[in-house]
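The structure appears below as structure tokens.
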Amino acid sequence: MRKVNNYQNGSDYRISANQTIIRGDQIFPRFSGGATGTSTYISYYPIFVLSEGSDYASDSIYLNDRWTWNRWTFNLGVRWTRTTP
């Protein structure tokens, strides 16, 4: 069972910087409007409908066998799975 609304941050706003400055092992975002004003984005991604969860269930079994003949080794596996939504 899973009930997740998957918030990526605390405010639902994301700031995206398309340019970075790399100095040694440090990375700095560069926030600028640029000539066209398209270098930095501020986006708002709220969750309008919260998750109700699910009743997903899965039953499965796996059988495996191994045979050795001279220098050869053989593995055979079979899996059965039943899922119910």
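Observations
- Only strands (runs of 3 or more DSSP E) whose full extent lies in region 1-41 are considered here, and the ones with at least 2 residues that are of a type outside the set (Ser, Thr, Tyr), modelled with pLDDT of 75 or more and closer than 30 Å to Glu52 by Cα are 13-17.
- In the set (1) of a type outside the set (Val, Ile, Thr); (2) at pLDDT 95 or above; (3) assigned to a loop (DSSP other than H, G, I, E, B), the condition left unmet by Leu63 is number (3).
- Residue count for region 41-71 satisfying the condition of being exposed (fewer than 10 other Cβ atoms within 10 Å of the Cβ), small (Gly, Ala, Ser) and touching a residue at least 24 places away in the same chain (Cβ under 8 Å): 2.
The values are calculated or read from the model by the stated rules, or taken from the named source; none is laboratory data. No experiment lies behind these values; they were computed from the predicted model shown. Cβ atoms come from the backbone with ideal geometry, glycine included; neighbour counts cover every protein chain shown.
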